[in-house]
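The values are calculated or read from the model by the stated rules, or taken from the named source; none is laboratory data. Keep in mind the model is a prediction, meaning the values are calculated, not measured. As a convention, Cβ positions derive from the backbone with ideal geometry for all residues, glycine included, and neighbour counts pool all protein chains shown. Note: areas computed on protein heavy atoms with side chains; ligands, DNA, RNA excluded. Shrake-Rupley method; radii C 1.70, N 1.55, O 1.52, S 1.80 Å.
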Amino acid sequence: MAACWRAMRGALHLPKNYQMIKSRNINFGSRFQQTQSVLNVVQTEDPPKLEMPDPLSYHDFFEVRNLCTVKNLFDARVHYGHTMGTLNEHMKQFIIGERLGTLIFDLDQTIELLGEALNFTAHIAFRGGIIMFAARYKQNSFLIENTAIECGEYCFTREWTTGVFTDSNRFGMMTRLPDLVILLNTLDTVFEIHKGVIESNKLLIPTVGIVDTNCFPNYITYPVPGNDDTPQAVELYCSLFKEAVLRGKAKRKEFIEKYCGGDLEEKK
C-alpha cells in the first residue's frame, strides 16, 4: 500500500508546500463564506420601500363626504326650489314635493350628489389641476371671488361673453384651460343656459354645477340639485368646495414630501 502511495505521489508531482497551500485555500473559502453571509444580512436589513396608495381606489380618500349633513343643507335653505310653473322636466327626479306652490328638493339625493362633486373636486386639486369658480348673480360675486382667492384658485363672476374658452383670437391665447369649472348657478337668465356650461362641454372640461328646479342638468358632469340663489345656500356651497380644494392640495403636498422626497416640482 505504501509503495502504491509513493508511486501515485511521484506521478502527481505534488509541491513540497502542498499542505500550506491547502490550508490557505481552506482559510480563503471560510472567509468568503463569512463575507457572503454578512452581505446577505445587510441586504435583508434594508428598509422596505414605501408604496404610494392610489387615491382612486378609495371611496372617500379625502374624507369630504362628512363635511356636510342633511341638517346643514336644510338650515341653509338648500331644499327650496322655484315655483311649479318654472319646473324643468329633467329636474323632476330630484323633487320630493311642493308646498304653497314652491317645489321642494329631496335632500337625501342632494347630499349624495354633493358628496360625489366634492370628492371629484378634491381629486382634481390633488392632481394639481386648475379649478375655476363661475357664477352669474351679482349679489354673490364678492363671496365667490373671496372663496377662489382663499383656496388659491380662479373665478369668473362677470358676464360670460361667447368665446372666453374657445376664441383665442379675441381673448388671447390661453396657455392652459381649467381642469374643472364649478358653477354656483348654471343659468344666465331664468331659462337661458350659462355660456360657460356650453363652452366647457365643447372643450370636454368637466363641470360641477348647482342646478335649481328651472335648470337643465344634462349638460353638467356632476349636477348638485339645490337652491342656487339664496345667500345662505351659496355660502354653504362655497365653504364646502373651498374645503375640498384645500384638502386635495394638502394631501398632494403630503404625498410629495413622503413619497417623492419633496423633489417634484409643481407644474401649476
Every residue in segment 202-229 that is in contact with a strand residue (DSSP E or B) (Cβ under 8 Å, 6 or more places away or on another chain) and assigned to a loop (DSSP other than H, G, I, E, B), please. Ile205, Pro206, Asp212, Thr213, Asn214, Cys215, Phe216, Ile220, Thr221, Gly226, Asn227, Asp228
Condition check for Asn218: on the phi < 0 side of the Ramachandran plot, buried (at least 17 other Cβ atoms within 10 Å of the Cβ), in contact with a helix residue (DSSP H, G or I) (Cβ under 7 Å, 6 or more places away or on another chain) and in contact (Cβ under 8 Å) with a residue 40 or more places away in the chain: no
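Yes or no, residue by residue, for (1) surrounded by fewer than 18 Cβ atoms within 10 Å (Cβ to Cβ); (2) aliphatic (A, V, I, L, M); (3) modelled with pLDDT of 95 or more:
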residue: His194; (1), (2), (3): no, no, no
residue: Glu199; (1), (2), (3): no, no, no
residue: Val208; (1), (2), (3): no, yes, yes
residue: Gly226; (1), (2), (3): no, no, yes
residue: Glu235; (1), (2), (3): yes, no, yes
residue: Leu246; (1), (2), (3): yes, yes, yes
residue: Glu254; (1), (2), (3): yes, no, no
residue: Glu266; (1), (2), (3): yes, no, no
Scanning segment 117-149 for residues that are closer than 20 Å to Lys195 by Cα and among the polar types (S, T, N, Q), the one surrounded by the fewest Cβ atoms within 10 Å (Cβ to Cβ) turns out to be Gln139
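Pick out the one residue from Leu114, Leu107 that is open to solvent by less than 50 Å² (accessible area, probe 1.4 Å), in contact with a strand residue (DSSP E or B) (Cβ under 6 Å, 6 or more places away or on another chain) and not charged (D, E, K, R).
Only one candidate passes the filter, namely Leu114.
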Among the residues of segment 150-163, write down those that are open to solvent by less than 20 Å² (accessible area, probe 1.4 Å) and hydrophobic (A, V, I, L, M, F, W, C). Cys151, Trp160
Output the residues belonging to segment 67-85 that are over 21 Å from Arg247 (Cα atoms) and open to solvent by 30 Å² or more (accessible area, probe 1.4 Å). Val70, Lys71, Phe74, Asp75, Arg77, Tyr80, His82, Thr83, Met84, Gly85
